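Written below as structure tokens is the structure these notes are about.
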Amino acid sequence: VNARLEPFGTTIFAEMSALAVSTGAINLGQGFPDTDGPPEVLAAAKAAIDGGRNQYPPGPGFPELLDAIAAHQKRFYAIDIDPRRDVLVTVGATEAIAATILALCAPGDEVVTFEPYYDSYAATIALAGATMRAVPLRFPDFAVDEAALRAAFTRHTRLVLLNTPHNPTGKVFTRAELALIAQLAQDYDAWVVTDEVYEHLVFDGRTHIPVATLPGMAQRTLTISSAGKTFSTTGWKVGWVSGPEQAIAGIRGVKQFLTFVGSGPFQLATATGLGLRDSVYAGLAASLQAKRDLLVAGLVDAGLRVSIPEGTYFVIADLAPLGVRDALAFCRSDLAQRGGVVGVPVSVFCDNKEASASLVRFAFCKRDEVLTEAASRLARLR
Ligand code: PMP
Ligand code: GLN
């Protein structure tokens with residue numbers, strides 16, 4: 001294989017879901033809901049298939065979805081984008097991330113991101129021949145260290161790859177942190193590529209702030225999102241990227257040779273979802289906030305130290321109180337086999353394995369009875 005990909009192996013999500021199947025353990029590893037999302041969205045997919053919308057969509061995506069994405073950005077964030085020029089529909093956010101990085105980065109370029117980072121970031125940056133500079137976010141508050149962030153920028157910095165709300169930490173970047181990132185991007189004439197797939201999963205009255213809304217940032221920001229988290233349709237793989245026309249044209253140029261287009265009926269159903277009333281979005285966040293509280297309480301009862309997530313559907317717990325020193329080995333063996341629960345070791349998202357050695361990420365996008373059972377199993381590990 002391409003030597004650039006050699007260090008990456010099989011993604012942790014595939015490994016841990018397979019482990020859950022082979023052991024019968026509760027899967028709080030890979031992030032996917034165990035219930036369906038809004039019925040209107042599911043019905044729209046069936047209607048699209050029955051309505052004969054089953055051939056290749058146009059390269060940028062079906063116009064219905066492009067319009068719906070632009071209307072969504074306007075409605076929630078007062079962002080103005082041209083649906084025909086500034087948006088590209090992709091096969092999940094994953095393809096949007098890959099196509100954007102491949103379009104913007106050349107060998108020798110540097111990408112600033114935050115650690116722990118979503119696993120596809122490092123692999124895609126490597127495929128582009130670029131170099132990743134990861135700024136650590138430290139358990140349990142995961143605040144941005146200004147000096148470390150400044151030190152990560154050089155004259156080779158091509159882009160900042162941001163993720164807010166942040167997987168795996170559950171952190172929602174503050175306006176001050178975003179303003180610092182925006183200032184540095186402007187100072188170094190870098191792009192900001194922002195992965196906002198958890199944009200609607202924010203808790204305790206917080207609001208998601210798209211970096212594109214900060215002064216001067218719309219013209220240097222590419223915003224990525226996906227239907228998977230918002231409509232509980234992770235298997236549909238409908239994502240998108242929006243931003244300045246020239247950059248979107250370049251990203252479209254890459255995307256056409258990766259997948260050409262994605263699945264049409266799911267695009268149309270996602271367009272329906274993006275038009276649903278506000279209460280659907282608020283209801284999703286409220287439901288996940290209650291699930292967060294349920295799992296956090298269970299983890300604390302099990303004697304673990306946790307970082308309370310501000311968004312996403314993940315919580316990080318420190319398993320050191322259980323005597324765990326190597327969470328990767330523990331997740332692969334005892335946690336699943338003896339504990340009956342699958343989680344994801346945070347060190348797989350980090351270059352610095354030591355700082356995260358005893359941390360595990362658990363997903364709480366599951367039915368309440370599943371979370372309660374997982375918590376009681378974890379309590380028996382003491
Ligand atoms: N970015 C982040 C931060 C994620 O957690 C995920 C996983 N869902 C993705 C991107 C990929 O999204 P998709 O399934 O739409 O490709
Ligand atoms: N985004 C999900 C997670 O972080 C899983 C995505 C995947 O399996 N690639 O768990």
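Before moving on, here are some points about what is shown:
- Mean separation of Cα contacts under 8 Å, 6 or more apart, over the residue count of the range 14-171: relative contact order %: 15 percent
- Convex hull (Cα only) mean projected area of the range 220-278, reported in nm² to one decimal: 4.8 nm²
- Gain in span if fully extended, ALA43 to ALA143, counting 0.36 nm per residue against the direct Cα distance: 31.8 nm
- Using C-alpha pairs under 8 Å with a sequence gap of at least 6, the mean separation divided by the residue count of the chain gives a relative contact order of 25 percent.
- Averaging Cα coordinates gives a centre for the range 208-279 and one for the range 43-71; these two points are 14 Å apart.
- Counting all C-alpha pairs of the range 96-189, share separated by more than 21 Å (%): 28 percent
- Rounded to whole Hz, the Karplus (6.51, -1.76, 1.60) HN-Hα couplings of the range 324-340, x for glycine and proline: 7, 10, 10, 5, 4, 5, 5, 5, 6, 10, 4, 4, 6, 6, 8, x, x
- Using distinct alpha-carbon pairs, which all enter the 1/r mean, Kirkwood radius of the range 172-231 in Å: 12.2 Å
- Cβ-defined net charge surrounding VAL172, 15 Å radius [Lys, Arg +1; Asp, Glu -1]: -2
- P(r) tail for the range 198-242: Cα pairs beyond 12 Å make up 66% of the total.
- Here, the range 1-47 is characterised by an Rg to Rh ratio of 1.21, where Rg is the alpha-carbon radius of gyration and Rh the Kirkwood radius.
- Summarising the amide proton neighbourhood of THR90: residues at separation of 5 or more, or on other chains, whose placed amide H is nearer than 5 Å comprise GLY239, TRP240, VAL241.
- Qualifying trypsin sites (Lys or Arg not before Pro) in the range 220-278, DSSP loop, other Cβ atoms within 10 Å at most 15: ARG277
- Distance between the pseudo-spin-label points of ASP368 and THR154 (7 Å out from Cα toward the beta carbon): 5.3 nm.
- ³J(HN,Hα) computed for each position of the range 360-377 - Karplus, 6.51 cos²θ - 1.76 cosθ + 1.60, integer Hz, glycine/proline x: 10, 9, 10, 8, 10, 7, 10, 4, 3, 5, 5, 5, 5, 5, 4, 5, 5, 5
- The range 285-379: relative contact order as a whole-number percent, Cα under 8 Å and 6+ apart: 35 percent
- Computed over the range 280-340, the P(r) tail beyond 16 angstrom holds 53 percent of alpha carbon pairs.
- Within-11-Å neighbourhood charge of LYS353 [Cβ basis; K, R +1; D, E -1]: -4
- D (Stokes-Einstein, µm²/s), Kirkwood Cα radius, the chain, 0.692 mPa s at 37 °C: 155 µm²/s
- Using the Karplus relation 6.51 cos²θ - 1.76 cosθ + 1.60 with θ = phi - 60°, the per-residue 3J(HN,Hα) values for the range 301-318 come to 4, 7, x, 9, 9, 10, 9, 6, x, 8, x, 6, 10, 10, 10, 9, 10, 9 Hz, with x marking Gly and Pro.
- Shown for the range 139-252 is the translational diffusion coefficient from the Stokes-Einstein equation, using the Kirkwood radius over Cα pairs, a temperature of 37 °C and a viscosity of 0.692 mPa s: 219 µm²/s.
- The range 26-74, Rg to Rh (Cα coordinates; Rh as Kirkwood inverse mean 1/r): 1.09
- Projected-area average for the range 207-311 over all orientations - Cα convex hull basis, square nanometres: 9.4 nm²
- Bridges between two residues of the range 39-276, per DSSP, are antiparallel at a rate of about 30%.
- Within the straight-line cut-off of under 19 Å between alpha carbons, the aspartates and glutamates reachable from LYS237 are ASP34, ASP36, GLU40, GLU64, ASP67, GLU95, ASP119, ASP195, GLU196, GLU199, sequence neighbours fewer than 8 places apart in one chain being disregarded.
Only the coordinates and a few stated rules stand behind these numbers; no lab work does. A quick note: this is a predicted structure, and the numbers were derived from the prediction, not measured. Virtual Cβ from ideal backbone geometry, glycine too; neighbours counted across all protein chains shown.
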